[in-house]
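Student: My structure is below; once you've seen it, I'll send some questions.
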Amino acid sequence: NSETFWTTTGMFPQEFIIGFPKCVKISKVTIQCYLVRTLRIERSTSKDPVGFEQCVEKDLEHTEGQLQTEEFPLPEFQATYLRFIIKSAFDHFVSVHRVMAEGT
């Protein structure tokens, strides 16, 4: 729903985890957010959200007054959970509006 979003509580790092019903193959992750400076994406193939390993970390470009849209092409890999860690921001609060994972 484009009218809803997740927002941080003001201190960093902040994180959220997205779980899939089973292990899936992911080729690309796209995120729409606001005021995120540094983002790390990690994955887990465990039954529970544990044992994460880093996939990618990136400094995002500041886009004053508009959403940041970042695509992360990933080598074909499997994941049951994706953890998104917002390590730093351009302001005290940031928001995440959409996360899309493509694959099979």
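Student: Filter segment 3-59 for residues that are touching a strand residue (DSSP E or B) at 6+ places or on another chain (Cβ under 7 Å), open to solvent by 50 Å² or more (accessible area, probe 1.4 Å), of a type in the set (Ser, Thr, Tyr) and under 22 Å from residue 89 (Cα atoms) and give the result.
Tutor: 7, 34, listed by residue number.
Student: May I ask you to list the residues in segment 71-86 that are surrounded by fewer than 16 Cβ atoms within 10 Å (Cβ to Cβ) and of a type outside the set (Phe, Trp, Tyr)?
Tutor: Scanning segment 71-86 gives 71, 73, 75, 76, 78.
Conditions tested, residue by residue: (1) hydrophobic (A, V, I, L, M, F, W, C); (2) at pLDDT 95 or above; (3) in contact with a Gly (Cβ under 8 Å, 6 or more places away or on another chain).
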{"residue": "30", "(1), (2), (3)": "no, yes, no"}
{"residue": "58", "(1), (2), (3)": "no, yes, no"}
{"residue": "64", "(1), (2), (3)": "no, no, no"}
{"residue": "76", "(1), (2), (3)": "no, no, yes"}
{"residue": "93", "(1), (2), (3)": "yes, no, yes"}
{"residue": "104", "(1), (2), (3)": "no, no, no"}
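Student: Working carefully through the options 45, 69, 80, find the one that is over 13 Å from residue 14 (Cα atoms), touching a Ser or Thr at 6+ places or on another chain (Cβ under 9 Å), of a type outside the set (Phe, Trp, Tyr) and touching a residue at least 60 places away in the same chain (Cβ under 8 Å).
Tutor: 80
Student: Against the definition (more than 12 Å from the chain's Cα centre (by Cα), within 23 Å of residue 11 (Cβ to Cβ) and free of Cβ contacts under 8 Å to residues at least 12 places away in the same chain), how does residue 53 come out, yes or no?
Tutor: When the stated conditions are applied, residue 53 does not pass them.
Student: Same structure, new question: State all residues of segment 1-50 that are farther than 29 Å from residue 66 by Cα and touching an Asp or Glu at 6+ places or on another chain (Cβ under 7 Å); if no residue qualifies, say none.
Tutor: If the condition is that a residue be farther than 29 Å from residue 66 by Cα and touching an Asp or Glu at 6+ places or on another chain (Cβ under 7 Å), then 25 is the only one that fits.
The values are calculated or read from the model by the stated rules, or taken from the named source; none is laboratory data. If you're wondering where the values come from, they're calculated on a predicted model, not measured in any experiment. Cβ atoms come from the backbone with ideal geometry, glycine included; neighbour counts cover every protein chain shown. For the accessible areas, the whole protein counts, side chains as well, though only heavy atoms, and no ligand, DNA or RNA atoms are used. Shrake-Rupley method; radii C 1.70, N 1.55, O 1.52, S 1.80 Å.
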